[in-house]
Amino acid sequence: MMEDFIAVAKALADENRARAVMALADGELCLCQLIEVLGISPSTVSKHMSILQQSGLVERRKEGRWHYYRLADRDASPIVREAIRWTLKSLENEKVIVTDAETLCSIREKDREEVAACYNGR
């Protein structure tokens, strides 16, 4: 239990990972969408998402060449569920989170291929 707590605390101790958790509040996103909203390099976003996945905060699925992430569900440990609830509540009115949410609205309207096109070849 202590190890789970430490893993979750470390995972949330980075602004970009906290932003990624918040971005997933409204549902699943592909990696290319997360790259677009966070505005950092694809390899860095992949690393952040790996840390979030290892902590149990997010789940990943692969469909063809696309990797999709979502917040952990009801099967997650109580520590993970509480951490997600606390994060969503604590950061909901942060300026960067509000801006990210606005950005996500336009990203969700784009086709995956269009969003991913600018990352091909990186």
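Annotations for the structure displayed:
- Of the beta bridges in the chain, as assigned by DSSP with both residues counted there, near 100 percent are antiparallel.
- Judged by the mean number of other Cβ atoms found within 10 Å, the most tightly packed of the peptides 91-99, 11-19, 32-40 leads the ranking 32-40, 11-19, 91-99.
- Karplus-derived HN-Hα couplings along segment 59-71 (A = 6.51, B = -1.76, C = 1.60, θ = phi - 60°), whole Hz, x at Gly and Pro: 10, 10, 9, 10, 9, x, 8, 8, 10, 10, 10, 8, 5
- Expected 222 nm ellipticity per residue - DSSP helices of 4 or more, -39500 (n - 2.57), all of the chain, to 500: -19000 deg cm²/dmol
Taken together, the values in this text are just the output of simple stated rules run on the coordinates, not laboratory data. Predicted, not measured: the structure shown is a model, and the values here were computed from it. Please note: Cβ atoms are built from the backbone with ideal geometry, for glycine as well, and neighbour counts cover all protein chains shown.
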